[in-house]
Amino acid sequence: MPLSRMIDFSSRLVPTDPLRRKLIAIRLAESIGKGVFLSGSVVYFTLRVGLDPKQVGLGLSAAGLSAFISSVVFGVIADRVGARRLLVMLFAALTVGFGLYALVDNAIHFFALVVAVGFIEYGTGPTNGALVGNLVPAEERVKLKAMMRSVFNIGFSIGIGVAAVAALDQRLLVLIPLTTAALMASAALLVTRLPDVPSRPVPVGFKRFAAVRDPRFLSVIGVSTVLASHVTVILVTMPLWALNRTSLPHFLIPLLLIFNTVFVILFQVRASRGADTVEGAGRLARRSGYWLAGGCAVIAVTALDDNVVLVSVAIVAAVLILSVAEVMQAASGWGLAFGLAPEHAQGEYLGAFDLHVITQNIIGPAVLSGLVIAFGFWGWLGIAVAALVASALIIPVAHRSQATLVPETAAATSP
């Protein structure tokens, strides 16, 4: 890559503004920590703690289920006490939680701690989003979130490398939770250096947990859950299909996942253009559904012919297409979330909107993988049709939800 292009790319990820640089640095510290722990946790708990793999899987799943509650609850708390203050407390609690993993020596302690840490960890997303909403003008939020996502992928990859080094020797495995704890402490310290913005007054008549009571906003979340299927298809369904139902050389699968990560790093910011309004985000979400359907249709071809060349070309093409769907849908999601969230309830609405990814992460693997393994070609076409239906629905449901926004000019009371 020419030096001028490298400088241009770096400028897209490292803003010149000190405030935005601090927000990026917080995301980087958090992402490295998550990369270390998520990639090394199974190795740590099985080899060092001595847990059964099924126990580890059950504990991590239970932690994921806690996100359904914590994402919304912490979003509401962020609006009430202030996103900056809450984020410091959450990172501080995670520092303690990850540090305590080094002392876990049985299944009971593991289950208790993993659920508690998971509950707290899933609260950082909406709280961080509310912080961005408080500190950054509306027209710049989506671009900043895109930059933060690219940085997250870079940091997560670094974290995987750190975990790989720790896994070289069983005596080094304890560095997995301790390194993560240190990075969470760094994130907490960085948050304290951000300006504190007081909570916005709440309009008269606004009820807490309004986001999950509003069927129109929930319909946007539901449609977005379908459009976010790219997460499951790329990480779970496609690899399982390729391994069990095609002649694709196995070594290509991790390479394709690396390609997807690099693609997001390079193109996420560019894909966010035009998504800073509900109208623009809706159009981008609709296009992401078209790309998702196209990727699934290409994979479906591999059910008709097992020629290794055809299969390899189709899978590689599908990953490229699905990667385009991913960056588009992620950007559109931020635009819809920020655009449909009242300014006084950023945390609550962002936390509720996060449920579309949380639902996909928990339910998607079983549903989508079961569908294609059971029905093959028709299973893939079924996912493609669902994506097209969601594409047709996303703009109308977003418009209906936007019409229910509480006017900020209404009479207000203190929270």
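If contacts are Cα pairs under 8 angstrom and at least 6 residues apart, what is the relative contact order of the range 188-317 in percent? All intermediate terms of the calculation are to be shown ahead of the outcome.
Working: 48 pairs, mean separation 33.2, N = 130.
Value for the range 188-317: 26 percent.
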Taking a straight Cα-to-Cα line shorter than 27 Å from K34, and setting aside same-chain lysines fewer than 8 residues away, one finds K22, K54, K143, K145
Mind checking Rg over Rh on the range 275-319, alpha carbons, Kirkwood formula for Rh? 1.24
Going highest first, how would you order 318-326, 368-376, 302-310, 394-402 by mean Cβ packing within 10 Å? 318-326, 394-402, 368-376, 302-310
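Report, as a whole number in µm² per second, the diffusion coefficient that Stokes-Einstein gives for the range 35-179 at 25 °C and 0.890 mPa s using the Kirkwood radius over alpha carbon pairs.
Working: Rh = 16.3 Å.
Once the numbers are plugged in, D ends up at 150 µm²/s.
Could you tell me the convex hull volume per residue, in Å³, taken over the Cα atoms of the chain? Intermediate results must be reported in sequence, preceding the final value.
On the way: hull volume 58.1 nm³, N = 415.
Given the Cα convex hull of the chain, per-residue volume reads 140 Å³.
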Below 14 angstrom from the Cβ of V397, what's the summed charge of the other residues (Lys, Arg +1; Asp, Glu -1)? +2
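Take each of the peptides 143-149, 330-336, average the number of other beta-carbon atoms within 10 Å over its residues, and list them starting from the highest.
On the way: 143-149: 23.4, 330-336: 27.6.
Highest-to-lowest ranking by the protection proxy: 330-336, 143-149.
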Report the Cα centroid-to-centroid distance between the range 179-196 and the range 71-105 in angstrom, as an integer. 11 Å
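Could you tell me whether the range 184-268 comes out rounded, prolate or oblate from its Cα gyration tensor? Rule is a ≥ b ≥ c as square roots of the eigenvalues, rounded for a/c under 1.5, then prolate if a/b exceeds b/c, otherwise oblate.
Working: a/c = 3.94, a/b = 1.66, b/c = 2.37.
Oblate is the answer for the range 184-268, as a/c is 1.5 or above yet b/c matches or exceeds a/b.
Throughout, read-outs are computed from the coordinates displayed, never taken from laboratory work. Not measured: the values here are computed from a predicted model. Glycine gets a Cβ as well: all are built from the backbone with ideal geometry, and neighbour counts include every protein chain shown.
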